[in-house]
Amino acid sequence: MKPHYFITALFFLCFFSASAQENDTLFHQKKEIAFDLLAFHSPILNRNFFGFSMDAKYYVKPKWGTGFNFAAATKRISTDFSLGAAEPDVSFLTIGWLNQYDLIQSERVRVGINLNNGLAIIRLRDRSETEVYWDEFGYTEVPVSRASNTLYIIEPGITASFRLFPPKNFTGVFLTTQAKYRQAIGNTKFGRTADYTNYFVGVGVSFIGPFD
């Protein structure tokens with residue numbers, strides 16, 4: 001399946017599912033909040049990046065959650081794209097608005113389709129030079145940035161969670177897996193836009209509990 005067909009199909013599935021009639025019986029009707037903390041892998045610039053991702057969702061309806069997504073990764077690379085970095089690395093950061101509809105929602109298992117849209121900020125940095133940032137806790141030295149890309153991203157995906165602890169717990173702890181397809185849109189200063197379009201797979205834990 002071509003990438004744009006996949007994106008279009010999952011986009012409409014997400015939003016038409018949200019308006020579908022609820023025919024099944026839910027195990028509760030309370031509002032919930034969920035945090036997904038994941039380690040992820042995604043090809044970026046034809047290299048394997050590993051990083052950290054967090055989803056935070058508030059369930060405004062029993063099966064419909066909305067919130068935000070944050071993901072970050074860094075990797076040393078061997079090319080500087082002719083931008084003058086002696087020791088190049090790439091910093092990859094995304095932040096977006098996340099919506100999820102749970103197709104399966106029980107005490108022990110949850111499976112949901114989701115759509116994240118937001119920004120990807122990618123910086124080519126030079127580890128041979130650093131710059132200092134000050135805040136209320138002191139200062140931090142970070143590599144100098146030689147160039148940056150800011151791209152719009154759309155990420156349709158699916159998340160599956162399996163409860164690790166008994167349902168009687170107030171807050172559920174789940175083993176969570178996630179698969180997404182990231183479509184990047186925009187102009188770049190290094191690399192091609194297609195170099196930032198690829199799959200994303202993650203695994204980690206989720207904390208889900210009532211929030212009134």
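If Ala194 passes every condition in (1) free of Cβ contacts under 8 Å to residues at least 24 places away in the same chain; (2) under 21 Å from the mean Cα position of the chain (by Cα); (3) assigned to a strand (DSSP E or B) but one, which one does it miss?
Looking at each condition in turn, Ala194 falls short on (3).
Tell me which of these Asn149 doesn't satisfy, since it passes every other one: (1) under 16 Å from Phe200 (Cβ atoms); (2) open to solvent by less than 20 Å² (accessible area, probe 1.4 Å).
(1)
Please verify whether Ser145 is at pLDDT below 95 and closer than 26 Å to Asn198 by Cα, treating the condition exactly as stated.
Considered against the rule, which asks whether it is at pLDDT below 95 and closer than 26 Å to Asn198 by Cα, Ser145 comes out as yes.
Output the residues belonging to the range 126-141 that are open to solvent by 40 Å² or more (accessible area, probe 1.4 Å) and within 22 Å of Ser78 (Cβ to Cβ).
Passing the criteria: Arg127, Ser128, Glu129, Thr130.
For Arg123, which of the numbered conditions (1) in contact (Cβ under 8 Å) with a residue 40 or more places away in the chain; (2) within 22 Å of Ala39 (Cβ to Cβ); (3) of a type in the set (Lys, Arg) fails to hold?
It fails just one condition, (1).
For the range 152-167, which positions are open to solvent by less than 70 Å² (accessible area, probe 1.4 Å) and farther than 30 Å from Pro210 by Cβ?
Result: Ile153, Ile154.
Assess whether Ile153 counts as being in contact (Cβ under 8 Å) with a residue 60 or more places away in the chain and of a type outside the set (Gly, Ala, Ser).
No.
So if I check each of Leu115, Leu37, Leu103, which one is over 15 Å from Gly157 (Cα atoms), in contact (Cβ under 8 Å) with a residue 60 or more places away in the chain and either open to solvent by 20 Å² or more (accessible area, probe 1.4 Å) or touching a Gly at 6+ places or on another chain (Cβ under 9 Å) (or both)?
Leu37
Is it the case that some residue within the range 74-87 is closer than 19 Å to Gly204 by Cβ and either open to solvent by 10 Å² or more (accessible area, probe 1.4 Å) or part of a strand (DSSP E or B) (or both)?
yes
Show the residue pairs meeting these rules: Cβ distance below 9 Å; 6+ apart or different chains; first residue within the range 50-61 and open to solvent by 10 Å² or more (accessible area, probe 1.4 Å); second residue of a type in the set (A, V, I, L, M) and not in a strand (DSSP E or B).
Here the result reads Lys61/Ala18, each pair linking the range 50-61 to a residue that is of a type in the set (A, V, I, L, M) and not in a strand (DSSP E or B).
If I ask for residues that are closer than 21 Å to Leu93 by Cα, among the charged types (D, E, K, R) and under 22 Å from the mean Cα position of the chain (by Cα), which ones from the range 140-167 would you list?
Passing the criteria: only Glu155.
The values are calculated or read from the model by the stated rules, or taken from the named source; none is laboratory data. Keep in mind it's a predicted model, so treat the numbers as computed, not measured. Cβ coordinates were reconstructed from backbone atoms using ideal geometry, including for glycine residues, and neighbour counts include every protein chain displayed. Just so you know, the surface numbers come from the protein's heavy atoms only, side chains and all, with ligands and any DNA or RNA stripped out. Shrake-Rupley method; radii C 1.70, N 1.55, O 1.52, S 1.80 Å.
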